[in-house]
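Student: Next up is a structure, given as structure tokens.
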Amino acid sequence: MALLDRSNGASPDYALRVSDVSKTFRIHHERASSLKAFIAAGGRNRYEEFWALRDVSFDVQPGEALGIIGHNGSGKSTLLKCMAGILTPKSGSIEVTKRMAALLELGAGFHQELSGRDNVFLNAAILGMGRKEIAKRFDEIVDFADLGQFIDNPVKTYSSGMYVRLAFAVAINVDPELLLIDEILAVGDVTFQAKCMEKFVDFRQQGRTLVLVTHDATTVRNFCDRAIWLDHGSVRMEGAPADVVDSYTETMLGAETSAGAEVGRRGDGKLTVDTVELLVGGVPVDRFHTGDDLTVRLHFTAHEPVDKPVFAIEIASLGGATVTAPSSRQADSTPARVSGSGRVDILIEDVPLLAQRYVLHTEVTGFGRQHVYDHLQNARTFDVVTGTSRETSGVVTLHPKWTITGDGVETA
Ligand SMILES: Nc1ncnc2c1ncn2[C@@H]1O[C@H](COP(=O)(O)OP(=O)(O)OP(=O)(O)O)[C@@H](O)[C@H]1O
Ligand SMILES: [Mg+2]
């Protein structure tokens, strides 16, 4: 962890600027094992320059959350260390205009022999907080870290999860304007990760800036404003998170996987669903926000007249869990008879789905639901992005309304 005030007084339009940054490491080959080999090698132990970063350039805008993804060894951690000033680039420059805190790898920043409590004071002091201020924030830090009485045990006895909770609690509580985070949150458990996500949401709402390295595509997709894909030390792609994540996962896993499983079809084919459209405000979309009014439109063809066909859709999470599976029969909207082509509009107002990727299946059956005319498994996928709800866990928001009462309850 490190807090560096490298602001230069001026107010440029970026929070951080990376210009043509390259970084090399020396890879040493085996030492010459004999004098003869040493002489043969020209009197030197040989090494190679390994380019961990090559001509990397981008800006981070104030108030944005930038996600950095890339394969193992692509240079993400090296890049963050250069940004934090822990490594010096071979060439290029990095300008930081905001008060920055960095949460890098596990093990950095804490004194192993000291207790969690002493480390909080020590760290916060190093990060530029006065003693009074630390004392004021101490409870919040300990509370967030959720360490209970372990706070007085030496840090060397902590599990990696406990360690990262404390490190994160300190970093977020020293009020950085720009926070760099490398992966490590993955070490925490699900509850802690949810807490961190909430903090990030707050952090962003306060107009602060975040750079996040993560292997979690969902986090980048749902949470970041922009994403960068590092590939063998170079920026391979930069843009909207969903686009970058899609290209990255497609390349990493092969083209089909990220588009969901293959479309599967069964049924006797008398009445088929030909296309499935998603519309918001009358416009076809692949992606929409929590809280939008969504129309699912099925274009069908009855290849011969069919009595009382039941239309159904199912929306499922990528994990396979059914989120909802309504049918026209349940809604008393089944037509008496169809022939030729037509369309089914299913209007879902104020969509309660939370930011994630979903898959949609369609089905047309007889009125008894046994006879299948057409079943389209994985008819299409779509993305929901953060909209009216600030919730980050789970699949739906139930629009909860909170009331907290009691003799000693004060309103904020
Ligand atoms: N101190 C070092 N000395 C030599 N090589 C290094 C050093 N640090 C990093 N490297 C090499 O630089 C490359 C980039 O490493 P880096 O840790 O930045 O990758 P990464 O994208 O963070 O990977 P991961 O997803 O596994 O965390 C790797 O090939 C790594 O072996
Ligand atoms: Mg790394």
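Student: Enumerate by residue number the GluC sites (Glu not before Pro) in region 100-195 meeting two conditions: DSSP loop (anything except H, G, I, E, B), and at most 10 other Cβ atoms within 10 Å of the site's Cβ.
Tutor: Those satisfying the criteria are Glu113.
Student: In addition: Output wanted: per-residue J couplings in Hz (rounded whole) for region 68-81, from phi through Karplus 6.51 cos²θ - 1.76 cosθ + 1.60, θ = phi - 60°, x for Gly and Pro.
Tutor: Couplings: 10, 10, x, 5, 4, x, 7, x, 4, 5, 4, 4, 5, 5 Hz.
Student: I need the calculated FRET efficiency for the pair His399 and Lys156, taking r as the beta carbon distance and R₀ as 56 Å, to the nearest 0.05.
Tutor: Taking R0 as 56 Å, the efficiency between His399 and Lys156 is 0.75.
Student: Here's another thing I want to ask about it. Given Cβ point charges of +1 (Lys, Arg) and -1 (Asp, Glu) and nothing else, what value in debye, to the nearest 20, does the dipole of the chain about its Cα centre take?
Tutor: The dipole magnitude comes to about 1200 debye.
Student: Can you pull the semi-axes for region 141-234, root of five times each eigenvalue of the Cα gyration tensor, sorted largest first, whole Å?
Tutor: 25, 16, 12
Student: Ignoring any ligand, DNA or RNA, what whole percent of the accessible area of region 264-385 comes from carbon and sulfur when the probe is 1.4 angstrom?
Tutor: In region 264-385, the share of accessible area belonging to carbon and sulfur is 47 percent.
Student: Separate question: Would you list which aspartates and glutamates come within 12 Å of Lys308, measuring only between C-alpha atoms, while excluding same-chain residues fewer than 8 positions from it?
Tutor: Lys308 reaches Asp332.
Student: Separate question: With θ set to phi - 60°, apply the Karplus curve 6.51 cos²θ - 1.76 cosθ + 1.60 along region 117-129 and write out the HN-Hα couplings as whole Hz, x wherever there is a Gly or Pro.
Tutor: 4, 5, 5, 4, 5, 4, 5, 4, 5, 4, 7, x, 9
Student: Moving to a separate point now. Can you give the Rg to Rh ratio for region 264-385, taking only C-alpha atoms and Rh from Kirkwood?
Tutor: Radius of gyration relative to Kirkwood radius: 0.96.
Student: Longer than 28 Å from Cα to Cα, which of Lys156/Lys199; Lys136/Lys199; Lys98/Lys132; Lys23/Lys156; Lys23/Lys98 are they? Say none if no pair is.
Tutor: Cα-Cα > 28 Å for Lys23/Lys156; rest within.
Student: Here is a follow-up. Cα centroids of region 208-236 and region 334-412: how far apart, whole angstrom?
Tutor: 28
Student: Please compute the length gained on full extension between Glu48 and Ala240, using 0.36 nm multiplied by the number of residues separating them and subtracting their Cα-Cα distance.
Tutor: 65.5 nm
Student: Please return the longest stretch of the chain lacking exposed loop sites, where trypsin sites (Lys or Arg not before Pro) count only if DSSP places them in a loop and at most 15 other Cβ atoms lie within 10 Å.
Tutor: Value returned for the longest uninterrupted segment is 47-368.
Student: Right, another one. Could you give the accessible area per residue of region 264-385, probe 1.4 Å, as a whole number in Å²?
Tutor: So region 264-385 comes to 47 Å² accessible per residue, rounded to a whole number.
Student: Kindly report the accessible area of region 103-186 per residue (heavy atoms of protein chains, probe 1.4 Å, no ligands, DNA or RNA), in Å².
Tutor: With the other protein chains kept in place, region 103-186 gives 45 Å² per residue.
Student: Here's a follow-up. Using R₀ = 41 Å, calculate the FRET efficiency as 1/(1 + (r/R₀)^6) where r is the Cβ-Cβ separation of Asp407 and His215; round to 0.05.
Tutor: E(calc), rounded to 0.05, equals 0.30.
Student: Pull out the extension gain between Thr275 and Leu114, defined as 0.36 nm times the separation in residues minus the alpha carbon to alpha carbon distance; nm, one decimal.
Tutor: 51.6 nm
Student: Considering only protein heavy atoms, with the full assembly of protein chains and a 1.4 angstrom probe, order Val409, Val263 by accessible area, largest first.
Tutor: Ranked from most to least accessible, the order is Val263, Val409.
Student: Okay, next question. Report, to the nearest 10°, how far helix 160-173 tilts away from the longest principal axis of the Cα atoms in the chain, using its own Cα long axis and a range of 0 to 90°.
Tutor: It is inclined by approximately 80 degrees.
Student: Next question, about the same structure. With only alpha-carbon atoms counted, please give the Rg and Dmax of the chain, in Å.
Tutor: For the chain, the Cα radius of gyration and maximum Cα-Cα distance read 27.2, 94 Å.
Student: Which far-off residues, 5 or more places away or on another chain, put their amide H under 5 Å from the one on Val235, with H placed in the peptide plane?
Tutor: The list, which skips near neighbours in sequence, is Ser57.
Student: Any chance you could run the full-extension gain for Ala194 through Arg266? It's 0.36 nm times the residue separation minus the Cα-Cα distance, nm to one decimal.
Tutor: The Ala194-Arg266 span can extend by a further 21.9 nm.
Student: A follow-up question, please. Could you work out how far apart the two model spin labels at Gln205 and Glu133 are, taking each label as a point 7 Å from the Cα in the direction of the beta carbon, and quote it in nm?
Tutor: Distance between the two pseudo-spin positions: 2.3 nm.
Student: Provide Trp51, Trp229, Trp402 ordered by accessible surface of protein heavy atoms (probe 1.4 Å), highest first.
Tutor: Solvent-accessible surface, decreasing: Trp402, Trp51, Trp229.
The values are calculated or read from the model by the stated rules, or taken from the named source; none is laboratory data. Because the structure is predicted, anything quoted here is derived from the model rather than measured. Because the Cβ atoms are built from the backbone with ideal geometry, glycine has one as well, and the counts that use them run over all protein chains shown. Side chains included, ligands, DNA and RNA excluded: accessible areas come from the protein's heavy atoms. Shrake-Rupley method; radii C 1.70, N 1.55, O 1.52, S 1.80 Å.
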